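I have placed the structure first, in the form of structure tokens, so that the comments after it can refer back to it.
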Amino acid sequence: MQAPSLTAQMAEFRAPPGTHDVLPPQSARWERLVALFARRAGRAGYQLVVTPVFEELAVFSRVGVETDVVRKEMYDFLDKGGRRLALRPEGTAPVVRAFVQHRPLTPFKAWYAAPSFRYERPQAGRYRQHHQLGVEALGTEDPELDVEVVTLAYEVCREVGLAGVTLLLNSLGDDACRPPYLGALAAYLAERAGQLCDEHRERAAANPLRVLDCKREACATATADAPRLLDNLCDACRQHFEQVTAGLSALGVPFTLAPRLVRGLDYYTRTTFELQSPALDAAQNALGGGGRYGRLAESLGGPPTPGIGFGVGVERILLAADHEGVFPPPASAVDVWVVDTTGGREATRLAHRLRTAGVACDRSFDGRSMKAQLKSADRAGARLAAIVGAHEAAAGTVTLKDLATGEQEEVPREDVAKLVEERLR
Ligand code: AMP
């Protein structure tokens, strides 16, 4: 049998379904968004926490065995040592696992930027690998912390320039008021089982709250008059919620009460919230969300420690920004293009000098012509060209050319960084 030819063996590989590459110039927006988030979170006392991309599967099972994330979407696998692991589907459980493991002082305030993995049907705004920016704060039940966390999520979206963001707010109660409410809701649903969608006819008893969140017409109609948890909160939860809403109002953060907002994961208690963008399709319009969790630390083996956090999706925020025409990629990656017609070593030295002085500059390679190098400068969006030809090399000078006006000036090499900075200012 003839061996297959080399070209036949060489497949053209593509990123796996539901994943995507982020290339320039889009990657510059990505970088800017992470920096914006880090700055905002840092200013509020949150510090970076990095956790592994995979954890023991059981860490994530704790977020709720009845949830889609755990039931259907987990990227779990056995490693070579026979450990049952899973790629992180969300950001909260790993941070709380790290908190439980290391027991830092409380309040513990962390932010993260983390790829997350869910085996979902890929579509616009829904990927198998997406990226979340989030915070977690553990160690206090103070409603003022809820106000801080919710406000931070909202302000991040605002700083990106998203105009139409809606903040939905709900309380999921606690161990005192939720169980009796769930009983009442389950009884209500049992009476209407025949009217629910196929999925929830089966699962309503196991997770009645999820039915409220179901987007299908049948469930929406059947639950139109269902009892609302917001009307059935215990005194402590009601007071907590009132303080959160009052705190948000005091800061001028607009919110909409959303008694049906239950969120995907099981661990939430009291405050839950979601940020939605009207610029996105209804099925994928959540930019992010989060809430309080009362027992997650305990269920991961730690001392009972209340916490609150949120995650926003990088891809979703950038998609919403595209739709609204805000947060564009920067026009240029570098300010200066170094042009060298003497072979290339001069460009190496001059670029090094400028970069050391803090100037963003790039240069051409392969000994290309002056014209080709200036074309590269244009394509990169540089504002200035710093040119070294035979004359400049001999004279110890550099010709600075303003690429918009064409104006140029020959300057001593020692002064070039200072003069470039002045012109860029
Ligand atoms: P969740 O934990 O499901 O509330 O997710 C938090 C945020 O992450 C969502 O509001 C989205 O912005 C984003 N997100 C969740 N799942 C996906 C996905 N499959 N693809 C893209 N973004 C996602």
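Read-outs: derived from the displayed coordinates by stated rules, not from any lab. Every value quoted in this text rests on a predicted model; they were computed, and no experiment measured them. Quick reminder, even Gly has a Cβ in these numbers, built from the backbone with ideal geometry, and neighbours come from all protein chains shown.
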Taking Met10, Met370, Met74 and counting other C-beta atoms within 10 Å, the order from fewest to most: Met10, Met370, Met74
Cross-link partners of Lys109 among aspartates and glutamates (Cα-Cα below 15 Å; sequence separation of 8 or more within a chain): Glu136, Glu141, Asp142, Glu144, Asp146, Glu148
Cysteines without a disulfide-compatible neighbour (Cβ-Cβ under 4.7 Å), the chain: Cys157, Cys197, Cys237, Cys361
Degrees separating the helix 26-43 axis from the principal Cα axis of the chain, which is the longest one: 60
Gyration tensor (alpha-carbon) shape descriptor, the chain, a/c threshold 1.5: prolate
Rounded tilt (10° steps) of 178-191 against the dominant C-alpha axis of the chain: 80
Spin-label pair Ala35/Ala224, simplified geometry with 7 Å Cα→Cβ offset, distance in nm: 5.2
Helix axis angle, 235-250 relative to the chain longest principal axis, alpha carbon, degrees: 30
